[in-house]
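The values are calculated or read from the model by the stated rules, or taken from the named source; none is laboratory data. Everything numeric in this text was worked out from a predicted model, so none of it was measured. Note that each Cβ is placed from the backbone with ideal geometry, even for glycine, and that neighbours are counted across all protein chains shown.
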Amino acid sequence: MAMNEATARQAPNVYDAEPIPDSARAEIERLLASGDLFRYTAPSDAPVALLEKEFAEYLGSRYALAVSSCSAALFLSLKALDLPRGARVLIPAFTFAAVPSAVLHADCVPVLCEVGANFRIDMADFEAKLDHDIAAVLISHMRGHTSDMDAIQRLCETRHIPVIEDAAHSLATLWNGRKIGTLGRIGCFSFQSYKLVNAGEGGMLVTDDPEIAARAVIMSGAYEHNWKKHPGLQNSYHHWQNRLPLYNMRMQNLSAAVIRPQIPLIDERAGRGLENHDYVAARLDACPHFSVPPALPQETRAPDSLQFNLEGFARDEDVLAFQSAAQAEGITIQVFGLSQDNARAFWNWKFLGDTPPDLPLTRAMLMRACDLRLPARLERADLDYIADALIAAAEHVRQKAA
Ligand SMILES: *Cc1c(COP(=O)(O)O)cnc(C)c1O
């Protein structure tokens, strides 16, 4: 595309979240008219209960519990595993600050494991750390990049260590044809606005384990006999009644009304997201200044953003100059390690202690990895605008640096 044509076109708006289908309106009106917003008021078929049923069916899980956020789902997962206070939980060092926070909230200790230049868990470091008194593993599939789940499951199964999947950003991602979030003992999802399904806020916990489901349901705030509104093994609920604290992390009916009409759209959004991603990824990867790590062979991705590495950018100031040059064309790139107080840079998690752990692989990746939102709704011309602008920005900076 000629440069004047590219500049004549407006930079696409990549910040708007997924739109809410019009079909949500009638149900929202009905809820507003009746005031029936609490999930446990209706004797049956409350919107939250219907959402749980539909989400479990979509994933092929036995149980689904709707909660206030993915962070709440992660916290309840750790509580439902009944880990002792101070238990060590292995998590990747490349994740969102809410993940180590959920571990702390559950009175556990996060142990950070290295993540490599391909945005996935470094398996040598994972294996080395697994034998240091790890009680549970929480795999955060950050930005929808799946770590080697075959190896992770094998290593954890032989040691009887439970695996929780943080699938917040991996809805519709497949691993060997199976849905991400259903591989581990528990899977957690997010409906925060910048995920594939947009409810502003919201989360889901899925499991096939009836004991974990019963414990999580009660702790999510199914007080008294409200657990009877969750299908499942009634005996476990009887057993846990009044024995577990109530953390009140329930979802309300309006959120479910916003989410339910998006469930049938997930696969289409994921397919378009992957097409857009692969198109821009191929264009950037063909340019010597960028590299885009490929998906693992077992993985079918469902991305709504693109991560790529800058190649040959030795100095931080050149990375910042690239970022500014892209910004001048209307394209916002986040370099995880270079923006102040970034919530995805582990050294900013001061709540874990003042001295960050020594994680040179993850640190090097975060200093050069670029993050670009790439929503499914973008058109081919938008994608070309973005690729042209990034390639031009990189060439401009590298020519000046040379
Ligand atoms: C968004 C996100 C979270 C947090 O989800 P909330 O619903 O906002 O609590 C956790 N982990 C990952 C990988 C995420 O992308």
**Q.** Any chance T362 is in a helix (DSSP H, G or I), at pLDDT 95 or above, among the polar types (S, T, N, Q) and within 21 Å of the chain's Cα centre (by Cα)
**A.** yes
(Q) Being at pLDDT 95 or above, more than 16 Å from the ligand (Cβ to nearest atom) and hydroxyl-bearing (S, T, Y) is the filter here; which residues of segment 34-81 pass it? (A) S34, Y40, T41, Y58, S61, Y63
Q. Restricting the search to segment 38-71, which residues are among the hydroxyl-bearing types (S, T, Y) and in a loop (DSSP other than H, G, I, E, B)?
A. Y40, T41, S44, S61, S68, S69
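Of the residues Q334, Q307, only one is in contact with a Phe, Trp or Tyr (Cβ under 7 Å, 6 or more places away or on another chain) and closer than 18 Å to V14 by Cβ; which? I'd like the intermediate steps shown before the answer.
On the way: Q334 fails: in contact with a Phe, Trp or Tyr (Cβ under 7 Å, 6 or more places away or on another chain).
Of the residues listed, the single one that is in contact with a Phe, Trp or Tyr (Cβ under 7 Å, 6 or more places away or on another chain) and closer than 18 Å to V14 by Cβ is Q307.
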Q: From A136, A128, A124, A98, grab the single residue that is of a type in the set (G, A, S) and within 12 Å of the ligand (Cβ to nearest atom).
A: A98
(Q) If a residue counts only when it is without any contact (Cβ under 8 Å) to a residue 60 or more places away in the chain, which helices (runs of 4 or more DSSP H) contained entirely in segment 197-294 have at least 1 such residues? (A) 210-221, 234-240, 266-285
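Within segment 245-265, can you find the residues that are over 17 Å from A46 (Cβ atoms) and surrounded by fewer than 17 Cβ atoms within 10 Å (Cβ to Cβ)? Explain how you work it out, then say what you get.
Restricting attention to segment 245-265, the residues satisfying the condition of being over 17 Å from A46 (Cβ atoms) are 245-247, 262, 264-265.
Selection gives P245, L246, P264, L265.
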Q: Give just the number: which of (1) farther than 21 Å from A216 by Cβ; (2) crowded, with 24+ Cβ neighbours inside 10 Å; (3) of a type in the set (A, V, I, L, M); (4) in contact with a helix residue (DSSP H, G or I) (Cβ under 7 Å, 6 or more places away or on another chain) does M142 not satisfy?
A: (4)
**Q.** Candidate set from segment 199-210 (those that are on the phi < 0 side of the Ramachandran plot, surrounded by 21 or more Cβ atoms within 10 Å (Cβ to Cβ) and not hydroxyl-bearing (S, T, Y)); member that is farthest from the ligand (Cβ to nearest atom)
**A.** V206
